[in-house]
Every structure is written in structure tokens, then in C-alpha cells.
1. Relative to the present Cα-Cα distance, how much length would full extension add between A:Ile10 and A:Thr111 at 0.36 nm per residue of separation?
2. For the protein assembly as shown, compute the orientation-averaged projected area of the C-alpha convex hull (one quarter of its surface), in nm².
3. Could you identify which residue out of A:Pro40, A:Pro209, A:Pro166 has the top mean-square fluctuation in a GNM of chain A using Cα springs shorter than 10 Å?
4. If you take the C-alpha gyration tensor of the stretch A:131-177, multiply each eigenvalue by 5 and take the square root, what semi-axes do you get, largest first, in whole Å?
5. What is the spin-label model distance, in nm, from B:Glu2 to A:Ala81 if the labels are put 7 Å beyond Cα along the C-beta direction?
6. Set the Förster radius R0 to 35 Å, insert the Cβ-Cβ distance between B:Val25 and A:Thr73 as r into 1/(1 + (r/R0)^6), and round the FRET efficiency to 0.05.
7. With labels modelled as points extended 7 Å from the Cα through the Cβ direction, what inter-label distance (nm, one decimal) is found for A:Leu18 paired with B:Val11?
8. Report, as an integer, the average count of C-beta atoms from other chains found within 10 Å of each Cβ along A:228-234.
Amino acid sequence: MKRLVSLLFIGALALLLLYVVSKMPPMGEPTNPTMTHVVPRYLEKSEGEAHARNVVTGVIINYRGFDTLGEVTVIYCALAAVLAVLGREKRGRIRDYVELSGIPSSVIVRTMVALVVPFIVLFSLYVILHGEMSPGGGFQGGAVIGASMIIFTTVFGLHLSSVKVPLKVRAALEGSAVITFFLVGIAGILGGGNFLAYAWPRVSQSLQPALVTWLTVLVEVGIGLGGAMVFVSILFAMVREEGADEPLA
Amino acid sequence: MEPSFGALLNVLLLSLLLVTALLAVSSRDLLASVILFSAYSLLMALMWQRLQAPDLALTEAAVGAGITTVLFLVAIFRTRRREEE
């Protein structure tokens, strides 16, 4: 009976969804609602208003900055929740299964990772700093830094990666996404505009394009560093071995 | 009409997406599920690029295929099943 009811429910839901899909406007049609409301404004005016050559960055950081500020805060809250449950490590005294296992890792893997990780970090810096003019931005670059630290930790162990990215640095930078974004928002008020206004009325017209671009880059860098440190801290909290907080022999 | 290379690629990517998604959901082995989910994310990153959304492709590749996979793996190794198989 229960099975029959759930089957009927799923069938009805599937039929409803298929019906809605059949009524949807064809993909890519220029008369679609998604193409006629805000998109023309973004595509035609963002070059002169948001001063970001990558329209996506202009939309995310400038037009929908308030939305992104909220998202950045959510990521920071995720870290706070993970740390509340798993706890922070004691400084310089952490190990994980890589150190605790007796199996030595392959020389080829160690050499390759040691060679590749610096280039991954370099690429992530490129993604963060070029977010204004090419695909990518703070969040993507930060995620790439996080991924590079994941590779490093799985091969060389938590102790060495916590030496490379010490607790002091992480604790200082974790909030940088929220803090930078919020301070830029406050600076918009001080500059004579609204919260999160990038074009400050008190600054002369000729300087405003450069101001908007550099504020966008500043926010991107804040999100990149903050996001990267949040990812790394969550990883460290999760892979830390229980009861391994003793000094290394 | 001769189907174009792009259309064929779309069909291939979308069908692989469906297969990996279904296998990831139906697999009994959590490890296999996570790896399939990672493959799904990589294919999705390619699909975002096909849909001309390189920003999303970068995010999907770094977060979906990289970070969430590892966090899921760590979470699996750190937890134990209590229920009987």
C-alpha cells in the first residue's frame, strides 16, 4: 500500500514536471523572459557601470554585491560550524593518517606533487587577480588553492602542511572575505553613496572607472584568500587524527 | 541532416551525466558513489563549458570534482556504519 502511494505520487510529480517542461520557452530564444529583463542591461551597460571586462564578475561583485556578501558569510558560517563540532588543532602539534601509517608514499608521487603544487598556486593567483577580465574570480581561485592544499596534505601529511599554512595565518585570513567585502561596502557610504556602492560620488568622475575596477579586484582578492583559508581549515579539522595532538617524536 | 560534432558531443556528455548520476545514487558502496559523483562533476564542468559558462565550469571543476569529493571521502573514512548490511 505504502509502495503504491509513493509510486503514484512519483508518477504524478513526473507527469507534472514533464508538462511544465513542455510549456517552457525554447532554449536560447531571444524573446525568453530570462533574456528580456535584466540581461540586456548587464550585457550592454556593465562595461560602463561595473567597469569589469568579465560581465559575470561585474554581476556577482557589483550588481548583486549584496547577494554575494551573504554567500560569503554563509561559507564563513560553514567553517564556524565545522570548527564548533570538530575543534581547532593545537598549534604545531597535529598529525593525520599519512604520518601515522607505516606505508611510505611513492617517490614518483612525492616528486610530482612537490613540482606541481607551486604551479597550481600560481594558477589560482592568476584566476583570482584576473577575475575582473577573464573567467574565474575570488571563489574559484580560492577553491583551487584549497585543492592544492588537499593534494599536498594527502601526500606529505598534515604536519608539514600545517607548517606551510600555519594556524596563525589561517585564523587571520579566514574572515578576510567577509571583512573586505563589508569594509568596501562601508567605504561606499563614506564615499557619499549607498552601502556597497563602488562609484563614490565624492570622487571626481575621471577617477571613478579606475576606482570601481580596483575595488572589484580588492573584493576578489579578499574572497580568494578568505575562501582558500576556509577550505584549508575545514580540511585540516576533518583529517586531524583524534588524540594525535602530542608533539612529534 | 548530418549531425554536427558539437551536437554529438552534447548527446554523449548528457547521456554520460545521466549514467553517472543514476549509478552514484543507486550504488551500495559509498566510496564508489563518491567517485561517481566526482566523475559527474567533471562531466558537468565540461557541459558548463559547452554551454559557454566558463566561470561555472571553473567552479564546478574546483569545488565539485576537487574539494567536495575529498571532504566526502574523509567523512566516509572517519565514520562507521552501525546498521547491519
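Values in this text are rule-based calculations from the coordinates and carry no lab data. These numbers were taken from a predicted model, which means no experiment stands behind them. Using ideal geometry, Cβ is built from the backbone for each residue, glycine included, and neighbour counts are taken over all protein chains shown.
1. Here the answer is 31.1 nm.
2. If you wrap the Cα atoms of the protein assembly as shown in a convex hull and average its projections, you get 24.3 nm².
3. A:Pro40
4. Values: eigenvalues 108, 46, 7 Å².
That gives 23, 15, 6 Å for the three semi-axes.
5. 5.3 nm
6. Efficiency for this residue pair is about 0.65.
7. Those two pseudo-labels are separated by 2.1 nm.
8. Rounded to a whole number, the mean comes out at 1.
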